[in-house]
Structure formats: structure tokens, C-alpha cells
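The values are calculated or read from the model by the stated rules, or taken from the named source; none is laboratory data. Owing to the predicted nature of the structure, the values given are computational and were not obtained by experimental measurement. Here Cβ is always computed from backbone atoms with ideal geometry, including for glycine, and neighbour counts include all displayed protein chains.
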Ligand code: G6P
Ligand code: MN
């Protein structure tokens, strides 16, 4: 079987150990010849890199592994896949994305509302640079991108690299939801054939077929209404994620047609969610006290002890697993079905062609072959159209350096609504993002 060369960009991420464990687990189905991890933060990269050396020595000795903070070493002609998971500005800026809006009584979140807007304006520049760097040496490698806010990044990359058919933007949240449905229905997530529509972090499952073709969605809906909803890996989740999943029950009660992505809570119940968010201790602080601390401490310990056995940083999370099974489907032309982000082009017939929608597609070596969704009902169409207009205006604000479009974008966002508040939060975010954003005039 052919062996693949993979570069991970953002190798110093807290998500990397899970991904590395996934690579070890899949050595028979997705064998890797050479793996390079790259991060601009040399210190974080070294901790995860030294952990990886120990893990591979024990579980994957044939792999040629290295880590670097030099992009010239990271991007090579012989790469088959580039996995991206970068966070421009790190947790320091994520914390501001959350806290600045919250200080004004607006939702402060990584990818939704003004926080997502701010993060989007930062991510675009680095993602464009990254793609240019990769393509300067390698025209063919598949670029599988997790970088958030994926919705905005996808619109920007589509606009800037319209002819590059080997950039695929993905998100693990639909996969997390499938795993959670699987737990409730006692099924494996890969045995579902789902129908899903929307934008990234803004979508709904309409059907959930089992291998015999039965739609399990009505059964699942009733189970959620009767017993609530929890993530499949609830034991590993922090309090805020458990609260987020629990909100699905209310969303299903109010809008029972379809099963919502958890991120819709911020748009459908901003007041209620706002009440639960603590402006002094946001998700960033929770991650820093939890996953971040755990992963880095454990990786240091593994490197010191010289064994990764018994380490719990390497549990099989959807984030690590999903990108690998997508890559495997491309590598072997398997045509497996995954929910990914694509240019609409009529998939959802009553939405604009240029929207970057999140839908199910068969993933082949020639790329995604999406399944038609058809027309969606007015309520969902209305929500998506306004959210898409926000995304598009955000990208235009970035590309044109336009303050007016930034203000329009934030005013359109359902977590903001008031133009006065939009201006207030925009001005504060401009100040906080100096050096990251283009100048807005
Ligand atoms: C899910 C989403 C990602 C997001 C992550 C945040 O996996 O799909 O887009 O980055 O959650 O997780 P965190 O635990 O860092 O808040
Ligand atoms: Mn996501």
C-alpha cells in the first residue's frame, strides 16, 4: 500500500496528541512514510514533538518523524496532505474575543458573534499566507483545514483561491454530534447516513438513515425530548460543553423539524446563553485550566519517563479521528460520506450558489461529490441567508479594508443586532487586534 507524507500545521495544538494517536491507530489503513509537525511557536511545538518521539518509538517506529518552526522544512514537494489547525493570536487573543463582547453584554465566543468576527479577520491573513507557502512548493497536496472560524475562512479561501480544488475546509462538530447520537441509539457513528444542511457551526440534521434505510431521526428526537442530550465523551468534557449539549433539548422542543448543531444556541437564545457566560472566566480560561494544562503536563511527563503507555492525552477524540478518515477516503478513493464545507452551487437549491455550505458529500480522490439537499424551509433559509450575508461582509471588510462593511457585518449578526452596539464592539476589537487586522477605513 502506498505510504503518505503528511505535514501538520499547528503542531503545538492541544489537539495534536489525539491526532498522533489516531495516526498510530490507522497505520494499516492510512500508512504514513513521513510526518512533519510545524508550529510558529517553537516552545509549544517542542513539548508536543518530544512527546511524539516517545509515542512513535513505541507504536510506529518506521515513521520518519520531525518537528520544526521553519516553514521551509515543513512544506516540501513530496507532501501528500497538509493538515491545518492554526490559531492566529493564540489563547491570548481568543480570550479577548470572548471578553470584549461580554463586557458589553454581547455573546463572546470563539467562532460566533463578534468574537468569531475578530478571529476571522485574524485567520484570513495567515491562512492565505499558508496556502501560498504550500503551493509555492507543492501544487497537489490536499490541504485539509480545521482552522477557525471555518465558516469565514472557507468563504475567504474560496474567494482568493477559486480554482484550487484541493483545499477542503472541515469541522469536527457534526462528527461529534453523530457520535453522541450513536451513543443514544446504540450505533456506531459511521453506520449513519446523515442528511445535513447549513453553514459551518450553523446547520441542522434533517435525516439520519441507518444501513437498512430507516430514518432514525424521529426516534432520536423523542429520546432527546425525554432524556436530554449529552456529548458521547461526556466524561472528558468541561461543564460549559455539557451545558451546551443540554441546550439541544430546548432547541428541539422549540423547533422540532430538525436536529440542530449545538452552536445555534448562541443565535437562537442569546439572552439565555449570556446569562450563563461569566465575563471573568470564559471558555479560554476553562481550556487553560483544563485541556491545555493536562495536555502539556502529560506530554512533558511522557517525554521524561520515556513511555506514552498509560498516558490519557491520547484518547480517541473526533477532532483527531475525523481528519484522518477524511484523508483516508481521499487517499483510497473510498467515497465515504462525511459532512464537509463546500461551495453551494445548487446543493441547497434556494440558497446562493456562492455560499460555503456544510453538507454531506462522498469524499473521493477527486474531491467531494456532494449530495443534493434541495429546498429548505423558510425559517432556516432566512436564518442562513442573514448569517451568510454576515460571513460574506466580513470577508469583504477584510479584503477591502472597509469599516462600513465590518459595521454592516456585525449589525447583521443575530448576537448583536443593534447598530450602536455593533459600532461599540467593532471599535474595541479594532483596538485589541492591532497588528493582526488590515486597517479598516
Ligand atoms: C468543536 C468545534 C471546533 C472548536 C472546538 C472548540 O470541536 O467544532 O471548531 O474549535 O469545538 O473547543 P474548545 O474545547 O477549545 O472550546
Ligand atoms: Mn468546528
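A few remarks follow.
- Scanning the range 308-323 for residues that are buried (at least 18 other Cβ atoms within 10 Å of the Cβ) and more than 16 Å from ligand 2 (Cβ to nearest atom) turns up 308, 311, 313, 314.
- Yes/no for residue 231 being more than 23 Å from residue 379 (Cβ to Cβ) and within 16 Å of ligand 2 (Cβ to nearest atom): yes
- Test: residue in the range 343-364 that is touching a residue at least 24 places away in the same chain (Cβ under 8 Å), assigned to a helix (DSSP H, G or I) and surrounded by 17 or more Cβ atoms within 10 Å (Cβ to Cβ): no
- Answer from 295, 340, 302 - the residue that is in a helix (DSSP H, G or I), modelled with pLDDT of 95 or more and within 16 Å of ligand 1 (Cβ to nearest atom): 295
- Test: residue in the range 21-29 that is under 18 Å from residue 326 (Cβ atoms), free of Cβ contacts under 8 Å to residues at least 60 places away in the same chain and assigned to a loop (DSSP other than H, G, I, E, B): yes
- Filter result for residue 228 (within 29 Å of residue 148 (Cα to Cα) and either touching a strand residue (DSSP E or B) at 6+ places or on another chain (Cβ under 9 Å) or more than 16 Å from ligand 1 (Cβ to nearest atom) (or both)): yes
- The test for being under 23 Å from the mean Cα position of the chain (by Cα) and in contact (Cβ under 8 Å) with a residue 40 or more places away in the chain does not hold for residue 393.
- Residue pairs whose Cβ atoms lie under 6 Å apart, separated by 6 or more positions or on different chains, with the first residue in the range 170-186 and farther than 13 Å from residue 259 by Cα and the second assigned to a helix (DSSP H, G or I) and more than 16 Å from ligand 1 (Cβ to nearest atom), are 184/223.
- Residue within the range 91-98 that is closer than 18 Å to residue 319 by Cβ, within 16 Å of ligand 1 (Cβ to nearest atom) and surrounded by fewer than 20 Cβ atoms within 10 Å (Cβ to Cβ) present: yes
- Selection over the range 178-202 of residues that are under 22 Å from residue 146 (Cβ atoms) and away from ligand 2 (no atom under 11 Å from the Cβ) gives a count of 13.
- Some residue of the range 320-336 being away from ligand 1 (no atom under 16 Å from the Cβ), in contact with a strand residue (DSSP E or B) (Cβ under 8 Å, 6 or more places away or on another chain) and in a strand (DSSP E or B): yes
- Subset of the range 106-134 [more than 16 Å from ligand 1 (Cβ to nearest atom) and touching a strand residue (DSSP E or B) at 6+ places or on another chain (Cβ under 9 Å)]: 130, 131, 134
- Residue match in the range 425-432 (condition: in contact with a strand residue (DSSP E or B) (Cβ under 6 Å, 6 or more places away or on another chain) and at pLDDT 95 or above): no
- Counting residues in the range 367-386 that are touching a helix residue (DSSP H, G or I) at 6+ places or on another chain (Cβ under 6 Å) and surrounded by 18 or more Cβ atoms within 10 Å (Cβ to Cβ) gives zero.
Residues checked against (1) assigned to a strand (DSSP E or B); (2) closer than 19 Å to residue 156 by Cα; (3) in contact (Cβ under 8 Å) with a residue 40 or more places away in the chain:
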| residue | (1), (2), (3) |
| --- | --- |
| 376 | no, no, yes |
| 381 | no, no, no |
| 397 | no, yes, yes |
| 411 | no, no, no |
| 417 | no, no, no |
| 421 | no, no, yes |
| 427 | no, no, no |
| 430 | no, no, no |
| 437 | no, yes, yes |
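- Selection within the range 256-288 - away from ligand 2 (no atom under 16 Å from the Cβ) and in contact with a strand residue (DSSP E or B) (Cβ under 9 Å, 6 or more places away or on another chain): 257, 258, 259, 268, 285
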